[in-house]
1. With the Cα gyration tensor of the chain giving a ≥ b ≥ c as the square roots of its eigenvalues, does the rule (a/c under 1.5 for rounded; else a/b larger than b/c for prolate; else oblate) give rounded, prolate or oblate?
2. Along the Cα→Cβ direction, 7 angstrom out, place labels at SER2 and GLU159. What is the inter-label distance in nm?
3. Multiply the residue separation of THR60 and SER78 by 0.36 nm, subtract the distance between their alpha-carbon atoms, and state the gained length in nm to one decimal.
4. Modelling each spin label as a point 7 Å along the Cα-to-Cβ direction, I'd like the SER256/SER115 distance in nm, to one decimal.
5. Taking 0.36 nm per residue of separation and subtracting the Cα-Cα distance, what length does fully extending GLN229 through VAL211 add?
6. Give me MET212, MET53 ranked fewest to most by other Cβ atoms within 10 Å of their Cβ, as a rough exposure proxy.
Amino acid sequence: MSETDVSMRVVADHMRAMTFLIADGVVPSNEHRGYVLRKIMRRAMRHGKHLGMKEPFLYTLVDTLVREYGDAYPELRSGRDAIIQVVRSEEDRFDAVLTSGLPRLEEAIERAASSGGILPGEVAFRLYDTHGLPIDFIEDTVQARGLRFDKDTFERAMEGQREKARAKSTFKGSAWQDTAWTAGDALRQELERVGDNVFRGYESTEVNTQVMALFDAGRQEIESLKTGQEGFIALSATPFYLEAGGQVSDEGTISSPQGEAQVTGLVRAAGWPRLHAVTVKSGT
């Protein structure tokens with residue numbers, strides 16, 4: 001069987017799996033069922049690249065699945081638009097990752113090829129952690145070039161990352177449970193007026209938005225957060241998914257001309273927009 005045949009079979013099989021998973025309510029994420037779905041989707045996308053597909057294409061195949069299986073599984077018909085949105089959004093997200101990370105992976109592979117044929121684990125971790133390249137994508141690309149990958153060092157770096165995440169769990173965990181937010185009457189009224197109708201993640205992975213409110217780690221309304229501070233941000237629109245139904249919250253970055261903050265999770269506040277738990281990386 002040729003590589004083209006293999007890629008076509010992978011795309012067909014994975015397309016079927018992802019369509020049914022999304023119809024069942026699974027959302028791509030970095031944990032649990034959502035992580036399995038994301039891996040399935042991204043493997044199909046990689047094989048699409050092998051077939052010469054340069055633009056998002058998986059979402060155009062949803063209608064084929066609906067046509068073939070919609071009579072037996074009516075949830076495919078009723079969820080068709082949402083399935084297409086989720087698939088297209090994940091394709092756009094992966095394309096953005098490749099645009100940013102692939103040139104850096106190519107540079108790292110060239111260095112490895114000229115210095116022993118091994119991609120260092122710490123380099124792979126940086127590509128994974130900073131630039132978002134999936135580790136299986138890195139590993140497949142390295143092996144396709146006839147090189148080796150130092151997975152032991154990568155796993156040690158991953159464990160260090162997990163330790164840091166566990167160290168921060170007290171901040172995020174207590175914030176999740178405590179709904180006592182201190183804010184002025186005018187701000188409360190505005191947040192209640194907007195409500196949690198701000199999610200745009202099925203439409204785009206990036207949105208232009210406005211900061212509605214800032215809170216410090218003690219859930220007190222404040223005017224600004226400075227470099228190194230942890231706190232919470234309410235936005236008028238967001239692409240970040242809020243943990244629900246077993247799917248964990250998204251992580252990412254909020255940027256403005258004044259600074260940048262790392263989003264480490266999201267918090268539900270009854271009747272308000274979802275609040276982004278952040279650490280300010282630069283500026284205010």
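1. In terms of gyration-tensor shape, oblate.
2. Placing both labels 7 Å beyond Cα along the Cβ direction yields 4.6 nm.
3. Result for the pair: 4.8 nm of gain on full extension.
4. 4.0
5. 4.8 nm
6. Exposure proxy ranking, most exposed first: MET53, MET212.
Laboratory data are not the source of any read-out in this text; all were calculated from the coordinates shown. Values in this document were obtained by computation on a predicted structure and should not be read as measured data. So basically every Cβ, Gly included, is an ideal-geometry build from the backbone, and we count neighbours across all protein chains shown.
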